[in-house]
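**Q** The structure is given below, and queries will be raised subsequently.
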Amino acid sequence: MEISKTYNPADTEQKWYEYWLKHKFFESKPDHREPYAIVIPPPNVTGILHMGHLLNNTIQDVLIRTARMKGKNACWVPGTDHASIATEAKVVQMLKEKGIEKKDISREEFLKYAFEWKDKYGGIILHQLQKLGASCDWSRTRFTMEDDLSEAVTQSFVQLYEKGYIYRGIRMVNWDPVGKTALSDEEVIFKENNGKFYYLKYKIVGTNDYLTIATVRPETIFGDTAVCANPNDERYQHLKGKKVIVPIINREVPIIFDEYVEKDFGTGILKITPAHDINDYQIGLKHNLEVIDTIADDGTLSQACGVPKYVGVERFIARKQIVKELKEIDLLEKEEDYKNQVGTSERTGAVIEPKLSTQWFMKMEEIAKPALENVMNDTVQFHPAKFKNMYRSWMENLKDWCLSRQLWWGQRIPAYYLPDGSFVVAENIDKALEKAQTKNPSITQKDLRQDEDVLDTWASSWLWPISVFDGFKNTKDFQYYYPTSTLVTGFDIIFFWVARMVMAGYEFTGKLPFKDVYFTGLIRDKLGRKMSKSLGNSPDALRLIDIYGADGVRFGLLRSSAAGNDLLFDTDVPKSQKKEDVEAFVNDPNSHNSKLCEQGRNFNNKIWNSFRLLQGWEISSTDAFKHQKSVEFMETKLNKLLISIEENTSKYRLSEALNDLYNVFWDDYCSWYLEMIKPIGNNIIDAETYRKTLDIFEKLLTILHPFMPFVTEELWQNIKPRKEGESICMAQYPIIQEIENENIIEEAQLAFEVIINVRNFRNKKGLSPTRDALDLQIKSKNDNDFSNFTQYILRLANVSSIKFSEEKPAKAFSFVIKNYEFFIPFQENDNDLSDSKTQLLKDLEYAKGFKESILKKLQNEKFVQNAKPEVIEMERKKLADAEAKIKTLEESIL
């Protein structure tokens, strides 16, 4: 069937995605084949599709489609994360809009509202991924808070508690006063802050003297229980055993000495507030200081501050008021501007408050050992490997993981308290009762009270590769698909998620969770800023797909995103959705449209038009096979491409693989091969050339399909009649064939360079590319290097004759390719001869520089020792070619 004049993604993408779903091409069940499994990094249930999702899921789709076409049992498991803090905030906001406060309803009522919200909005991002072409097994969609996965979380908690890894205790934690919950260290984002140093005056008891102490947090002075100097600081030796008076509160506190204090920092003496600074807390423990918690859970000053007028005042407002009062009572010596790093909540953005709190923690030292060892020895391979150093530095400096969150949305901690305050840990209340009755036989179920807190979201997602296959039940799926094959994720969650999944894998299964980890970079705007909603610099991902097509966007993102490297993506999206406005935007050279996506859209059109060209030819069943050598060139090029793609994809160099594919499809196939075989005049082509051309085109589509699934499906279906239920996504991936004549590529490239040089000469002279035929002379007695492609030089360069001779024409334009010198006889004037010689001199200078660069490589011992033999051989061939060209150029100039 003849295809339309132009390719319109909107006409094909929905059609083919529905076709794929109808025939269940993406569904996977255990069988005799080799499994290839990927688990999606579960997006937050609150999320909508953004640029990071586009990149990450395109890479996963390329890998899974390739595996499927290579005959593996490809299984890509989708799902969403319940995202405790983010989702609870959304539900609380929804309730406020209904006039309901969280504190006025029960936990059960809140969870009912939360699940209603999740059911309404939670699947949006998964449906959006379908627009991208994601070939997930949607029948396997999981949610981290569904019953089976929550049961796995509870079971893992109980196991770790019984091993002694989990404990409950009072520790200094990162407190989010907006979310009103503790956070792990990994959930704290440090940002540069333009603050101030406040120099406060503490009166020395029994004297009229004062100590000046610098602080960035004057609102915490009500929690001061000591001031501290370095024992080696001579300025303060006379103060041993003395006390000072804390401003405003007028509390006497001791002057203590500890080597923690830096003599050269500030005034060399610190206020010690054990309840509100981790280092102060450690000093407090060492010196047995009182702990006074003066900041409430909501970030206001608490009753413990001891000053009624400040109770209930928000901490930063209190800071201003306290500074004002200190000035009024002459206890503020001065203020200085000061830049410091302030911890903020990853989810709410609130400034973190260090706070003493009773929480649940996990000891990390033992559980981390196999996870560190097996990444460093490449049992689990990182791509690129440079991220192993980042991983190791974190794994070697682990702190205990704060597991508990003061929320309602999440897996509730399976600890049950007895009336006497003791507790038991169990999978459910029935098992908890059994354990409790070993302590007190009279205990009933009504006497038990479950812990109010929930677990950190990461305590469910660290089990993801196990729990999506119901690994704690040791199912058939788990036995078949686990360990999974590849994880694709951003390096920014290497600690949050990747490290913890590796820990969980070895702890609960004794095996790695995945064999390879592909780290994507971050997508940044043209200023280098990470794309985010708050900055407003992230384009609407779905609008990009509407404008450029899913294939165009996939191509644009993948072609410039080498593993682990950040991608600069500069684009606006037109506000108007009218077709004419979108087209005007895309075609406007001054608009900031995405050049990357535009390249993808142009590539779509190039492929489409190449097939339309084929469809316009008539086939002759009587004509002999005319284009054996051009077909041989293209088939050899195709095989070389397969070798290159196999090499690159095996090392997760998908960007390089796509670039190679693009160059072969656009340059070798469209620009050269089709031009060589294109019928002249009557549009009739011999049947064998046409058949082989369609075969080459079909193979190119098949190789391209994982990268650009929609346009390839549309064209594949039109190459020849297909049956219902056939699809390119289930077609066999082309197999590498033995290359019989590798020289054919070199011969063709030589012919192409000749054609280009002749065309350039025509342009320079203003000659018609079709009317003004030229003669070509090659300085050589041997025409073997040109015989296979002579007909194409004659036709594509519009050359009337090619002569081989060692004689140099009297007047001719000349150029050099490799060790061949070419002449175009022409009635040149002196300027022409001068121009020709100038160009030869430039070519000679370039060739010498190129030779020098190759020599440096080959003289580099490190390169020679580490490079593959075939790479070294290629460099030596380049050197020989350069030397031959230099010799020819020097002779020509003489």
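The values are calculated or read from the model by the stated rules, or taken from the named source; none is laboratory data. In this text the structure is predicted, and so the values were computed from the model without any measurement. Cβ atoms come from the backbone with ideal geometry, glycine included; neighbour counts cover every protein chain shown. Areas reflect the complete protein model, heavy atoms only, side chains present, ligands, DNA and RNA absent. Shrake-Rupley method; radii C 1.70, N 1.55, O 1.52, S 1.80 Å.
**Q** Does the stretch 348-368 contain at least one residue that is within 30 Å of Phe316 (Cβ to Cβ) and of a type in the set (Lys, Arg)?
**A** Yes, some residue in the stretch 348-368 is within 30 Å of Phe316 (Cβ to Cβ) and of a type in the set (Lys, Arg).
**Q** Of everything in the stretch 566-585 that's open to solvent by 70 Å² or more (accessible area, probe 1.4 Å) and within 17 Å of Leu596 (Cα to Cα), which residue is modelled with the highest pLDDT?
**A** Pass one, the stretch 566-585, residues open to solvent by 70 Å² or more (accessible area, probe 1.4 Å): 568, 572, 575, 577-580, 583.
Then drop every residue that is not within 17 Å of Leu596 (Cα to Cα), which leaves 568, 572, 583.
Details: Leu568: 78, Asp572: 58, Glu583: 60.
Ranking the candidates gives Leu568 first.
**Q** Would you please name the residue that is most open to solvent (accessible area, probe 1.4 Å), looking only at residues in the stretch 461-472 that are in a helix (DSSP H, G or I) and either over 17 Å from Ala83 (Cα atoms) or not aromatic (Phe, Trp, Tyr) (or both)?
**A** If we filter the stretch 461-472 for residues that are in a helix (DSSP H, G or I), which is where we start, we get 461, 464-467, 471-472.
Now restrict to residues that are either over 17 Å from Ala83 (Cα atoms) or not aromatic (Phe, Trp, Tyr) (or both): 461, 465-467, 471-472.
On the way: Ser461: 2, Pro465: 2, Ile466: 4, Ser467: 7, Gly471: 13, Phe472: 49 Å².
The qualifying residue most open to solvent (accessible area, probe 1.4 Å) is Phe472.
**Q** List, please: which pairs have Cβ atoms under 7 Å, are six or more places apart or on different chains, and start with a residue in the stretch 801-817 that is touching a residue at least 24 places away in the same chain (Cβ under 8 Å) and end with one that is part of a loop (DSSP other than H, G, I, E, B)?
**A** Listed pairs, sorted by first residue: Phe804/Ser780; Phe804/Lys781; Phe804/Asp783; Glu806/Lys781; Ala812/Phe826; Phe813/Phe826; Phe813/Glu828.
**Q** Further question on the same structure: Output the number of the condition that Asp516 fails; it satisfies all remaining conditions of (1) open to solvent by 10 Å² or more (accessible area, probe 1.4 Å); (2) under 14 Å from the mean Cα position of the chain (by Cα).
**A** Of (1) open to solvent by 10 Å² or more (accessible area, probe 1.4 Å); (2) under 14 Å from the mean Cα position of the chain (by Cα), only one is false for Asp516: (2).
**Q** Please give the number of the condition Gly421 fails out of (1) in contact with a strand residue (DSSP E or B) (Cβ under 6 Å, 6 or more places away or on another chain); (2) without any contact (Cβ under 8 Å) to a residue 24 or more places away in the chain; (3) assigned to a loop (DSSP other than H, G, I, E, B).
**A** Result: Gly421 passes all but (1).
**Q** Continuing with the same structure: Suppose the filter is surrounded by 24 or more Cβ atoms within 10 Å (Cβ to Cβ), closer than 25 Å to Asp566 by Cα, out of contact with any Phe, Trp or Tyr (no Cβ under 6 Å at 6 or more places or on another chain) and not basic (Lys, Arg); does Asn44 pass it?
**A** no
**Q** Please count how many residues of the stretch 108-154 are assigned to a loop (DSSP other than H, G, I, E, B) and open to solvent by 40 Å² or more (accessible area, probe 1.4 Å).
**A** Residues meeting the conditions: 2.
Every residue, every condition in (1) surrounded by fewer than 23 Cβ atoms within 10 Å (Cβ to Cβ); (2) outside any loop (DSSP other than H, G, I, E, B), yes or no:
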| residue | (1), (2) |
| --- | --- |
| Ile213 | no, yes |
| Thr220 | no, yes |
| Tyr236 | yes, yes |
| Ile249 | yes, no |
| Ile255 | yes, yes |
| Phe265 | yes, no |
| Lys271 | no, yes |
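**Q** Considering (1) over 27 Å from Thr348 (Cα atoms); (2) part of a helix (DSSP H, G or I); (3) aromatic (Phe, Trp, Tyr), say which one Tyr198 fails and leave the rest.
**A** Result: Tyr198 passes all but (2).
**Q** Looking only at residues in the stretch 700-740 that are acidic (Asp, Glu) and within 19 Å of Lys15 (Cα to Cα), which one is farthest from the chain's Cα centre (by Cα)? Outline the logic, then answer.
**A** So in the stretch 700-740, the residues acidic (Asp, Glu) come out as 713-714, 724, 726, 738, 740.
Retained after the next criterion (residues that are within 19 Å of Lys15 (Cα to Cα)): 713-714, 724, 726.
Values: Glu713: 27, Glu714: 29, Glu724: 37, Glu726: 33 Å.
Selected residue: Glu724.
**Q** Could I ask something else about it? Can you find even one residue in the stretch 161-171 that is open to solvent by 50 Å² or more (accessible area, probe 1.4 Å), part of a loop (DSSP other than H, G, I, E, B) and out of contact with any strand residue (DSSP E or B) (no Cβ under 9 Å at 6 or more places or on another chain)? Spell out the reasoning first.
**A** First, pick out the residues of the stretch 161-171 that are open to solvent by 50 Å² or more (accessible area, probe 1.4 Å): 161-163, 168, 170-171.
Checking the rest, the ones that are also part of a loop (DSSP other than H, G, I, E, B) come to 163.
Keeping just the survivors that are out of contact with any strand residue (DSSP E or B) (no Cβ under 9 Å at 6 or more places or on another chain) gives 163.
Looking through the stretch 161-171, at least one residue is open to solvent by 50 Å² or more (accessible area, probe 1.4 Å), part of a loop (DSSP other than H, G, I, E, B) and out of contact with any strand residue (DSSP E or B) (no Cβ under 9 Å at 6 or more places or on another chain).
**Q** If the requirement is being open to solvent by 70 Å² or more (accessible area, probe 1.4 Å) and in contact (Cβ under 8 Å) with a residue 24 or more places away in the chain, which of these qualifies: Glu353, Glu366? Can you show your working first?
**A** On the way: Glu353 fails: open to solvent by 70 Å² or more (accessible area, probe 1.4 Å).
On inspection, the qualifying residue turns out to be Glu366.
**Q** Where residues in the stretch 297-328 are open to solvent by 30 Å² or more (accessible area, probe 1.4 Å) and not in a helix (DSSP H, G or I), which of them is farthest from Ala182 (Cα to Cα)?
**A** Gly306
**Q** Now, a different point. Do any helices (runs of 4 or more DSSP H) entirely within the stretch 671-739 hold 2 or more residues that are open to solvent by 10 Å² or more (accessible area, probe 1.4 Å) and not hydroxyl-bearing (Ser, Thr, Tyr), and if so, which?
**A** On the way: elements: 674-677, 687-704, 709-719.
It comes to 687-704, 709-719.
**Q** Do we have Leu398 as crowded, with 16+ Cβ neighbours inside 10 Å and modelled with pLDDT under 95 here?
**A** On the way: crowded, with 16+ Cβ neighbours inside 10 Å: yes; modelled with pLDDT under 95: yes.
Yes, satisfied.
**Q** Pick from the stretch 659-710 the residues that are of a type in the set (Lys, Arg) and in contact (Cβ under 8 Å) with a residue 24 or more places away in the chain: which of them is farthest from Leu558 (Cα to Cα)? Spell out how you get there, then give the answer.
**A** If we filter the stretch 659-710 for residues that are of a type in the set (Lys, Arg), which is where we start, we get 678, 691-692, 699.
Among the residues that remain, those that are also in contact (Cβ under 8 Å) with a residue 24 or more places away in the chain are: 678, 692, 699.
Numbers: Lys678: 32, Lys692: 30, Lys699: 21 Å.
Looking at residues that are of a type in the set (Lys, Arg) and in contact (Cβ under 8 Å) with a residue 24 or more places away in the chain, I get Lys678.
**Q** From (1) part of a strand (DSSP E or B); (2) on the phi > 0 side of the Ramachandran plot, pick out the condition that doesn't hold for Gly536.
**A** Condition not satisfied by Gly536: (1).
**Q** Can you name the residue in the stretch 586-606 that is open to solvent by 40 Å² or more (accessible area, probe 1.4 Å), modelled with pLDDT under 85 and not in a loop (DSSP other than H, G, I, E, B) and is also farthest from Ser532 (Cα to Cα) among such residues?
**A** Within the stretch 586-606, the match that is farthest from Ser532 (Cα to Cα) is Asn587.
**Q** Let me spell it out: the conditions are (1) open to solvent by 10 Å² or more (accessible area, probe 1.4 Å); (2) closer than 16 Å to Glu146 by Cβ, and Trp458 meets all of them except one. Which number is the exception?
**A** Here Trp458 meets the rest and fails (2).
**Q** With respect to Lys476, determine if the residue is open to solvent by 40 Å² or more (accessible area, probe 1.4 Å), of a type in the set (Lys, Arg) and touching a residue at least 60 places away in the same chain (Cβ under 8 Å). Walk me through how you get there before you give the answer.
**A** Details: open to solvent by 40 Å² or more (accessible area, probe 1.4 Å): yes; of a type in the set (Lys, Arg): yes; touching a residue at least 60 places away in the same chain (Cβ under 8 Å): yes.
Answer is yes for this residue.
**Q** Kindly check whether there is at least one residue in the stretch 384-394 that is closer than 28 Å to Ala182 by Cα and surrounded by fewer than 14 Cβ atoms within 10 Å (Cβ to Cβ). Spell out the reasoning first.
**A** First, pick out the residues of the stretch 384-394 that are closer than 28 Å to Ala182 by Cα: 390-394.
Adding the requirement that they be surrounded by fewer than 14 Cβ atoms within 10 Å (Cβ to Cβ) leaves 392-393.
Yes.
**Q** Continuing with the same structure: Among the residues that make up the stretch 409-418, is at least one of them among the hydroxyl-bearing types (Ser, Thr, Tyr), surrounded by 21 or more Cβ atoms within 10 Å (Cβ to Cβ) and touching a residue at least 40 places away in the same chain (Cβ under 8 Å)? So that I can check it myself, show each step before the final result.
**A** In the first step, residues of the stretch 409-418 are kept if they are among the hydroxyl-bearing types (Ser, Thr, Tyr); the result is 416-417.
Checking which are surrounded by 21 or more Cβ atoms within 10 Å (Cβ to Cβ) leaves us with 416.
Still in the running and touching a residue at least 40 places away in the same chain (Cβ under 8 Å): none.
Looking through the stretch 409-418, none of the residues is among the hydroxyl-bearing types (Ser, Thr, Tyr), surrounded by 21 or more Cβ atoms within 10 Å (Cβ to Cβ) and touching a residue at least 40 places away in the same chain (Cβ under 8 Å).
**Q** Tally time: how many residues in the stretch 613-670 are assigned to a loop (DSSP other than H, G, I, E, B), open to solvent by 40 Å² or more (accessible area, probe 1.4 Å) and not small (Gly, Ala, Ser)?
**A** 6
**Q** Considering every residue within the stretch 160-172, establish whether at least one is modelled with pLDDT under 95 and touching a Gly at 6+ places or on another chain (Cβ under 9 Å).
**A** Among the residues of the stretch 160-172, not one is modelled with pLDDT under 95 and touching a Gly at 6+ places or on another chain (Cβ under 9 Å), which makes the answer no.
**Q** Looking at (1) modelled with pLDDT of 95 or more; (2) within 42 Å of the chain's Cα centre (by Cα), can you tell me which one Gln406 breaks?
**A** Condition not satisfied by Gln406: (1).
**Q** Take the residues of the stretch 276-288 that are within 20 Å of Ala214 (Cβ to Cβ) and outside any helix (DSSP H, G or I): which is most open to solvent (accessible area, probe 1.4 Å)?
**A** Among residues in the stretch 276-288 that are within 20 Å of Ala214 (Cβ to Cβ) and outside any helix (DSSP H, G or I), the one most open to solvent (accessible area, probe 1.4 Å) is Asp277.
**Q** While we're looking at this one, here's another question. Among helices (runs of 4 or more DSSP H) lying entirely in the stretch 742-818, which contain 1 or more residues that are over 24 Å from Leu844 (Cβ atoms), open to solvent by less than 40 Å² (accessible area, probe 1.4 Å) and among the hydrophobic types (A, V, I, L, M, F, W, C)?
**A** Counting at least 1 such residues, we get 743-765, 790-796.
**Q** So is Gly556 outside any loop (DSSP other than H, G, I, E, B), open to solvent by less than 40 Å² (accessible area, probe 1.4 Å) and modelled with pLDDT under 95 or not? Steps first, please.
**A** Numbers: outside any loop (DSSP other than H, G, I, E, B): yes; open to solvent by less than 40 Å² (accessible area, probe 1.4 Å): yes; modelled with pLDDT under 95: yes.
Judged against the criteria, Gly556 is a match.
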